[in-house]
1. Assign one of three labels to segment 256-349, namely rounded, prolate or oblate, based on the Cα gyration tensor with a ≥ b ≥ c the square roots of its eigenvalues; rounded applies when a/c is under 1.5, prolate when it is not and a/b is larger than b/c, and oblate otherwise.
2. Would you mind computing, in nm to one decimal, how far apart the modelled labels at S341 and L88 are, each placed 7 Å from Cα along Cα→Cβ?
3. What are the ³J(HN,Hα) couplings of segment 44-60, residue after residue, when phi is run through the Karplus curve with 6.51, -1.76, 1.60 and θ = phi - 60°? Round to Hz, x for glycine and proline.
4. Which FRET efficiency value, to the nearest 0.05, do you get for E100 and Q276 by plugging their Cβ-Cβ distance into 1/(1 + (r/R0)^6) with R0 = 45 Å?
5. If the cut-off is 22 Å between C-alpha atoms, which lysines fall inside it for K66, apart from same-chain ones fewer than 8 positions away?
6. Given Cα positions, please report Rg to Rh for segment 213-255, the hydrodynamic radius being the Kirkwood one.
7. Return the sequence-ordered ³J(HN,Hα) values of segment 351-358 in whole Hz as given by the Karplus equation 6.51 cos²θ - 1.76 cosθ + 1.60 applied to θ = phi - 60°, using x for Gly and Pro.
8. Which net charge results when you count Lys and Arg as +1 and Asp and Glu as -1 among the other residues whose beta-carbon is under 15 Å from that of K239?
Amino acid sequence: MRRAVFLGAVAVPLSMSLAQLSAQTVESNTDLYSLILVESDLGEATRAMTVYDTNDDRFIDDAERKRLPWKEEATRFDLNRDGKLTHLEVALRVAMIREEKGITQFDINNVNTFMGRYDANRNGQLDPDEISRGWPSQPQDYDENNDGILTVAELATRFAFNRGLRREMGIEAIDQTGAVRIVRQLDRDGDKMLDADERKSANLPKAAKEFDENSDGKLGIMEIATMFAKHRMDTGLTKPDQAKVRRLFERFDPDRDGKIEFEGDVATQFDDSLKQQLGQYDTDGDGAITVSEVEQVVAASRKEKGYVEVDFKQAVSLMTRHDKDRSTFLEASELPDTASSGMLSAKTMGQADLDDDDRISLDELARFLAAQRERE
């Protein structure tokens with residue numbers, strides 16, 4: 001028996017929102033020096049400084065600290081022990097709480113999008129009358145204090161939780177956003193699901209029945225995202241591969257029928273060079289390319305290269321670390337004689353330089369790392 005899993009399509013705004021989190025008193029063993037600040041941390045710190053730095057000297061001094069909701073914790077964030085809190089020190093507290101909630105900048109961006117859509121009176125929260133308009137469909141999942149109001153902090157926390165749960169199920173952001181987009185495009189009756197009739201023009205990669213968890217004949221966002229994730233893994237496509245295919249059809253398939261015809265969509269707008277470039281995907285030679293054909297070619301290329309996304313990400317990191325002249329290649333002079341933690345060594349040149357041009361490209365480095373991973 002299949003287990004139905006429901007995750008609402010969450011999202012909400014975080015600018016002016018972490019105030020609800022940062023007003024809480026918290027206990028944490030987080031190393032403050034290990035935190036990475038994001039834009040919202042700095043924005044919330046600016047808001048806090050405006051509220052509590054009443055003499056506008058750019059510090060929250062001892063007298064002003066007494067007004068802080070978290071005044072008992074303030075000493076911990078006074079890193080230089082001068083008795084005052086700077087903008088940076090306040091931002092570190094916001095970052096600490098955000099990280100412990102699992103909230104990322106990705107979550108924050110989506111949160112802001114949804115709050116902009118549903119917070120009609122622009123008061124930074126979803127009031128009962130705004131919630132009654134249909135989003136989120138299960139507000140009780142987000143309302144932590146059961147007061148009937150959804151704050152940005154509550155929504156952001158739940159959004160982060162849902163993202164983590166989707167990740168555990170193998171569903172990545174590329175799958176989720178693709179599902180949201182296709183439902184938004186084809187959902188004619190506004191129930192945020194695709195019935196059999198609406199799915200006819202969806203060009204879904206797998207049979208709907210396999211993913212209809214509650215057997216209601218419809219596919220919701222979560223069910224479609226699960227389908228996309230399964231398809232991506234079955235074909236061997238990485239997230240960047242999937243994004244490449246999606247961008248191609250967003251650009252060249254204006255009628256969204258899942259097909260680019262050289263005598264229609266492309267021929268009227270683009271030159272022979274572009275048609276020749278796109279022609280590499282026309283595996284059946286019928287003068288048009290489908291999503292399936294492009295995915296097959298991209299997947300075959302990925303298989304030929306022999307590396308997956310984790311190898312590519314590591315290669316990007318190592319290239320950034322070693323490529324001092326930013327040439328996008330690694331030369332011998334940029335490689336140390338001996339390897340150390342997180343570093344390559346001079347002998348890597350002989351192992352990774354596949355075309356013997358005395359430099360290592362990003363593609364070659366990713367292949368080298370994949371081969372290393374396979375041997376381990």
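Quick note: the coordinates plus some simple rules give every number you see, no bench work behind them. Quick caveat: nothing in here was measured; it's all calculated off a predicted structure. Here the Cβ positions follow ideal geometry from the backbone for every residue, glycine too, while neighbour counts run over all protein chains shown.
1. Working: a/c = 3.90, a/b = 2.68, b/c = 1.45.
It comes out prolate by the Cα gyration axes.
2. Modelled inter-label distance: 2.5 nm.
3. 5, 5, 4, 5, 4, 5, 5, 6, 9, 8, 6, 9, 6, 9, 6, 9, 9
4. Details: r = 53 Å, r/R0 = 1.18.
Calculated value: 0.25.
5. Once the sequence-local lysines are set aside, what remains near K66 is K84.
6. Numbers: Rg = 13.0 Å, Rh = 12.0 Å.
Taking Rh as the inverse mean 1/r over Cα pairs, Rg/Rh reads 1.08.
7. 8, 9, 7, 6, 9, 6, 9, 6
8. Details: positive: R163, R166, R167, K230, R232, K244, R246, R247, R302, K313; negative: E172, D175, D234, D241, E295, E309, D311.
Cβ neighbours under 15 Å give a net charge of +3.
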